[in-house]
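Following this message is one structure expressed as structure tokens.
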Amino acid sequence: MPLSFRTPVVVAALAVVVTAAAFVHTEALSPEQALARDILEELIEIDTSDSVGDNTKAAEAMARRLRDAGFPEEDVKVLVPHERKGNLVARYRGSGGGGGAEPVLLLAHLDVVEARPEDWSFDPFTFLEQGGFYFGRGTTDDKAMAAIWITNFILMKQEGFVPNRDLIVALTADEEGGAHNGVQWLLANHRELVDAAFCLNEGGGGQMKDGKRVSNTVQLSEKMYQSFHLEALNAGGHSSRPRADNAIYELSRALGRISEYAFPLQLDEITSTYFERMARLETGQRAQDMLAVAQRADPDAAARLSVSPYLNAVLRTTCVATELSGGHAENALPQTARATVNCRIFPGSDASEILATLIEVVDDEGITIEPVQQVTPSPPSPLAPEVMDAIETVTEQMWPGVPVIPTMSTGATDGLYFRNVGIPTYGVSGIFGDVDDVRAHGRDERIAIESFFQGREFLDALTRKLAGAQ
């Protein structure tokens, strides 16, 4: 996904201490761990960046592993809408004993953001094991999850596990950007292959602070994405004869008004539940404010919480200037000045009202404001007991005392496309990461070895629980 959105939290008294990330020697791995590590290594060492990478190569590599494990050809499909942009869809057949229950979809994306070797301490597409971590582009976003789904399919097949309903793995292209988003293409052209009762995806995960497990988050919704272009035009002239109607000044005043405006407080079932459960992990005024927001949408409490950029983004729609250009010569008055304002819109909001609000806030007929793209709706997934109870049960079994907390992502994942067609999507991984060391999309990306293996166990147990068995 575009960013790793992990909630900064204060350590709770009930948080479980994590053993130090001791170096895990490859030779000491169990057969299950060795398989997961081997698959992750193979994926990391296939460059799947948009510019020069090959998503199809990664999809075919995973398909070979499934076929070698005994999956029939007709259940393992590599679908290629464009060269280098292939997607894998694999089906694990169930017995049908679930009374006709629809499949469970297990989603991960194979593509990664660009990684320049000169910016890293080592080659980002060479798998490295060091100091209790696996390093490489995609280790946290999102190849660990892709490796886990493939590993667990293979292990289930070896065991002879028979679920009551079908399981589907989809490993897709261009989640991080690019012109050939795999989820959109599959839904438009092969909907029958990925249709499901619900989907498990990235977007959530375990939160660690100061070496302690604090929470296991489940992403149930995400903000809608829309950018706007603002432009001021002027006749210009010679810079030796300044005028009051300078295009750059007019645009800067407009942006200043936007920066000072706060959209109204908004809450829904997911964010209210988030603040209610987070209040149990906090202390003092912050805990009181979270509870006040959850219970009665208290504006004073919301104002205090909004000092945190993350919590402010959870509480409302946000719009921020992200790009700026203007003028054409240093000795000429600017004829144009342009800016991009990026908005992250609270789920369920009317996107047309955001444009109307910006026009009202700018209050300058000389500034044109135009949307850059259409908004893709992303309705929240329900707090379905079938899914949430299973997540809470497995979490408690593996990490007693660690709470499960529903979240709304301030950014976006491919889950929005499934939610938009009526397939509820739950971002959950059981992979714990340090909230103060988030490296997804950044330099020297890494995942704790212990967290990777425990995430595999968590997702295995969760998938089996949701799938049932004879």
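So that you can scan it fast, the table gives a plain yes or no per residue for (1) more than 15 Å from the chain's Cα centre (by Cα); (2) polar (S, T, N, Q):
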| site | (1), (2) |
| --- | --- |
| Thr425 | no, yes |
| Val428 | no, no |
| Ile431 | no, no |
| Val438 | no, no |
| Arg446 | yes, no |
| Ile449 | yes, no |
| Arg456 | yes, no |
| Asp460 | yes, no |
| Thr463 | yes, yes |
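Then there's this: On the basis of being surrounded by fewer than 14 Cβ atoms within 10 Å (Cβ to Cβ) and either out of contact with any Pro (no Cβ under 8 Å at 6 or more places or on another chain) or in a helix (DSSP H, G or I) (or both), does Gly100 make the cut? First the steps, then the outcome.
On the way: surrounded by fewer than 14 Cβ atoms within 10 Å (Cβ to Cβ): yes; either out of contact with any Pro (no Cβ under 8 Å at 6 or more places or on another chain) or in a helix (DSSP H, G or I) (or both): yes.
Yes, satisfied.
Taking the stretch 247-275 on its own, how many of its residues are β-branched (Val, Ile, Thr) and not assigned by TED's automatic domain parsing to the domain that holds Ser308? Spell out how you get there, then give the answer.
Taking the stretch 247-275 and keeping what is β-branched (Val, Ile, Thr), we get 248, 258, 270-271, 273.
Subset that is not assigned by TED's automatic domain parsing to the domain that holds Ser308: 248, 258.
Here the count works out to 2.
Still on this structure, please answer the following. Out of all the residues in the stretch 70-82, which are touching a residue at least 40 places away in the same chain (Cβ under 8 Å) and either surrounded by 16 or more Cβ atoms within 10 Å (Cβ to Cβ) or basic (Lys, Arg) (or both)? Working first, answer last.
Initial filter on the stretch 70-82 (touching a residue at least 40 places away in the same chain (Cβ under 8 Å)): 70-71, 77, 79, 81-82.
Within the stretch 70-82, Phe71, Lys77, Leu79, Pro81 qualify.
Give the stretch 381-408 a look and list any residue that's under 25 Å from Met290 (Cβ atoms) and either charged (D, E, K, R) or at pLDDT below 95 (or both), or say none.
In the first step, residues of the stretch 381-408 are kept if they are under 25 Å from Met290 (Cβ atoms); the result is 381-385, 387-389, 391-392, 395-396, 399-408.
Those that are under 25 Å from Met290 (Cβ atoms) and either charged (D, E, K, R) or at pLDDT below 95 (or both): Asp389, Glu392, Glu396.
Checking the structure you have, find out if any residue of the stretch 342-357 is assigned to a helix (DSSP H, G or I) and at pLDDT below 95. Please lay out each step first, then the result.
We begin by selecting, within the stretch 342-357, every residue assigned to a helix (DSSP H, G or I); these are 351-357.
Then keep just the ones that are at pLDDT below 95; that gives 351-352.
Yes: one or more hits.
Would you mind telling me which numbered condition in (1) farther than 30 Å from Thr413 by Cβ; (2) part of a loop (DSSP other than H, G, I, E, B) Thr376 fails?
Single failed check for Thr376: (1).
In the stretch 411-425, what count of residues is obtained for those that are of a type outside the set (Val, Ile, Thr) and in a loop (DSSP other than H, G, I, E, B)?
Our first condition is that a residue be of a type outside the set (Val, Ile, Thr); within the stretch 411-425, this holds for 411-412, 414-420, 422, 424.
Checking the rest, the ones that are also in a loop (DSSP other than H, G, I, E, B) come to 411-412, 414, 422, 424.
The qualifying residues number 5.
I'd like to check something: does the stretch 3-21 contain any residue that is at pLDDT 95 or above and within 30 Å of Glu83 (Cα to Cα)?
Step one: of the stretch 3-21, the residues at pLDDT 95 or above are none.
Taking every residue of the stretch 3-21 in turn, none turns out to be at pLDDT 95 or above and within 30 Å of Glu83 (Cα to Cα).
Another question, if that's okay. List the number of the failed condition for Pro400; all other conditions in (1) more than 28 Å from Gln266 (Cα to Cα); (2) in a loop (DSSP other than H, G, I, E, B); (3) touching a strand residue (DSSP E or B) at 6+ places or on another chain (Cβ under 6 Å) hold.
All conditions are met except number (3).
Ok, one more. Of all residues in the stretch 51-97, which are part of a helix (DSSP H, G or I) and out of contact with any strand residue (DSSP E or B) (no Cβ under 6 Å at 6 or more places or on another chain)? Lay out the reasoning, then the answer.
Step one: of the stretch 51-97, the residues part of a helix (DSSP H, G or I) are 55-68, 73-75.
Passing the criteria: Asn55, Thr56, Lys57, Ala58, Ala61, Arg64, Arg65, Asp68, Glu73, Glu74.
Something else now. Could you list, in sequence order, all residues of the stretch 276-308 that are surrounded by 15 or more Cβ atoms within 10 Å (Cβ to Cβ) and either closer than 19 Å to Ser349 by Cβ or assigned by TED's automatic domain parsing to the domain that holds Leu383 (or both)?
Val293, Ala297, Ala302, Ser306
The values are calculated or read from the model by the stated rules, or taken from the named source; none is laboratory data. These numbers come from a predicted model, not from an experiment. For neighbour counting, all protein chains shown are included, and Cβ atoms are generated from backbone atoms with ideal geometry for every residue, glycine included.
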